[in-house]
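Right, one structure below, let's go through it.
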Amino acid sequence: MKTKTIELEAIGVIKTPWETPENMPIQPIGAKGIKGIVEVYPKFSKGLNGVDGFSHIMLIYQLHLVKNPQLEVIPFMDNTPKGIFATRSPKRPNKIGVSVVEIEKLEGNKIHILDVDMMNNSPLLDIKPYFEDFDNRTGTKKGWLANIKDLNKYYFKSDNRFQ
């Protein structure tokens with residue numbers, strides 16, 4: 001099978017308070033209320049028409065500071081190795097992150113957002129509206145995370161395992 005090269009172009013950049021992975025949130029739930037700004041490059045700003053009608057958006061971005069991707073990691077909330085595709089670890093082969101964030105306001109080509117869990121200056125690859133009727137699935141299987149009884153006891157900040 002021949003591998004096809006995929007070319008992507010950043011459509012903007014995500015500005016956040018997180019300059020280093022140490023102690024940053026590992027999911028939007030750990031970043032409740034933390035503000036950031038999505039700056040869409042002017043040539044793509046027309047694509048923002050209608051975004052302000054949604055409360056939340058999905059950001060697809062490059063995990064630009066990831067070095068040395070791994071196929072197995074010890075994830076947060078567990079002590080045993082898991083395959084990278086069974087986790088949300090940033091050490092992914094294609095260095096792509098996805099986060100659902102809340103829109104605070106839209107100003108021109110800037111979306112002010114809440115609940116930011118990505119590094120400052122992360123290249124933005126795409127934006128999609130979060131639509132609860134399509135995106136909020138119930139009755140799903142939780143894999144190894146089903147063994148976690150109390151998520152509130154976990155500290156949702158990064159440590160040094162994925163630097």
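Bear in mind these aren't lab numbers, they're just calculated from the coordinates by the rules spelled out. If you're wondering where the values come from, they're calculated on a predicted model, not measured in any experiment.
Odds and ends about this structure:
- Pairs spanning more than 23 Å between alpha-carbon atoms, out of 15/43; 15/46; 46/95; 15/95: 46/95.
- Shape category assigned to the range 1-107 from the gyration tensor of Cα positions, a/c cut at 1.5: oblate
- For the range 1-58 versus the range 71-131, the gap between their alpha-carbon centres in whole angstrom: 8 Å
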